[in-house]
Amino acid sequence: MCGNNMSAPLPAIVPAARKATAAVIFLHGLGDTGHGWAEAFARIRSAHIKYICPHAPVMPVTLNMNMAMPSWFDIIGLSPDSLEDETGIKQAAENVKALIDQEVKNGIPSNRIILGGFSQGPIGGVNRDISILQCHGDLDPLVPLMFGSLTAEKLKTLVNPANVTFRTYAGMMHSSCQQEMMDIKQFIDKLLPPLD
């Protein structure tokens, strides 16, 4: 898994406790790694699900004065009219597709794979029938709640609006909280029930 011709280490993986019949691929945010999210999923895991938390390649990020850090693609700015790194986003999407393809080769059907992410992490193609859980802290200083609300409204134009759930968490900043992780677990378990 690499992006923009820069290599990244192998993903952090929380293996299924028994035979994996489903997978969750979860992308971390800017400057992070998959390790923290793997630990979070280990605390809420379901026995039949494999959790894959890849690490973004290290690259210069324009927004952060070209400092090199783990990033799925370059971020030029945070305003809605900022330029976007289309090439980097496409490369990241190809890397995610490769992870999905690998899990399919491992015997997990594509309809039993969930893609998720934090902040910069949620990327991918759009299927009108997919279910989306979007979570946001009401005190997030990096990605204001207004941007989360706008994203949720945009998603409702791309997929069946009834399949988009937007949850906010009182007092949560640009992070995660226990209630959010329990909501994520409930969402995952509903979409990926055990087969046996």
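Remarks
- In the set (1) open to solvent by 20 Å² or more (accessible area, probe 1.4 Å); (2) more than 19 Å from the chain's Cα centre (by Cα), the condition left unmet by GLN102 is number (2).
- Taken over the stretch 148-181, the residue count meeting the criterion of being surrounded by 12 or more Cβ atoms within 10 Å (Cβ to Cβ), among the hydrophobic types (A, V, I, L, M, F, W, C) and in a helix (DSSP H, G or I) is 5.
- In the condition set (1) touching a Lys or Arg at 6+ places or on another chain (Cβ under 9 Å); (2) within 19 Å of GLY29 (Cα to Cα); (3) at pLDDT 95 or above, LEU139 is compliant with all but (1).
- Count of residues meeting criterion [touching a strand residue (DSSP E or B) at 6+ places or on another chain (Cβ under 7 Å) and open to solvent by 50 Å² or more (accessible area, probe 1.4 Å)] in the stretch 83-99: 1
- All conditions in (1) surrounded by 15 or more Cβ atoms within 10 Å (Cβ to Cβ); (2) at positive phi hold for GLY107, with the sole exception of (1).
- Tabulated pairs, the stretch 131-147, first open to solvent by less than 50 Å² (accessible area, probe 1.4 Å), second assigned to a loop (DSSP other than H, G, I, E, B) and not hydroxyl-bearing (Ser, Thr, Tyr), C-beta under 6 angstrom, 6+ apart or interchain: GLY137/MET172; GLY137/MET173; ASP140/MET173; ASP140/HIS174
- Verdict on GLY148 being small (Gly, Ala, Ser) and at pLDDT 95 or above: no
- Counting only strands (runs of 3 or more DSSP E) wholly contained in the stretch 39-147, the ones carrying 1 or more residues that are touching a Cys at 6+ places or on another chain (Cβ under 8 Å) occupy 132-137.
- In the stretch 61-82 there is at least one residue that is of a type in the set (Asp, Glu), open to solvent by 60 Å² or more (accessible area, probe 1.4 Å) and under 27 Å from MET146 (Cα atoms).
- Scanning the stretch 18-37 for residues that are over 15 Å from ILE108 (Cβ atoms), more than 10 Å from the chain's Cα centre (by Cα) and aliphatic (A, V, I, L, M) yields one hit, LEU30.
- Qualifying residue in the stretch 36-44 (condition: within 15 Å of LEU192 (Cα to Cα) and surrounded by 15 or more Cβ atoms within 10 Å (Cβ to Cβ)): yes
Residue by residue, here is whether (1) in contact with an Asp or Glu (Cβ under 7 Å, 6 or more places away or on another chain); (2) at pLDDT 95 or above; (3) over 20 Å from ASP189 (Cβ atoms) holds:
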{"residue": "ALA23", "(1), (2), (3)": "yes, yes, no"}
{"residue": "GLY36", "(1), (2), (3)": "no, no, yes"}
{"residue": "ARG45", "(1), (2), (3)": "no, yes, no"}
{"residue": "HIS48", "(1), (2), (3)": "no, yes, no"}
{"residue": "MET69", "(1), (2), (3)": "no, yes, yes"}
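The values are calculated or read from the model by the stated rules, or taken from the named source; none is laboratory data. Please read these numbers as outputs of a predicted model, since none were measured by experiment. Backbone-built Cβ (ideal geometry, glycine too); neighbour counts: all protein chains shown. The protein model used for the area step is the full one, side chains on, heavy atoms only, and it has no ligands, DNA or RNA in it. Shrake-Rupley method; radii C 1.70, N 1.55, O 1.52, S 1.80 Å.
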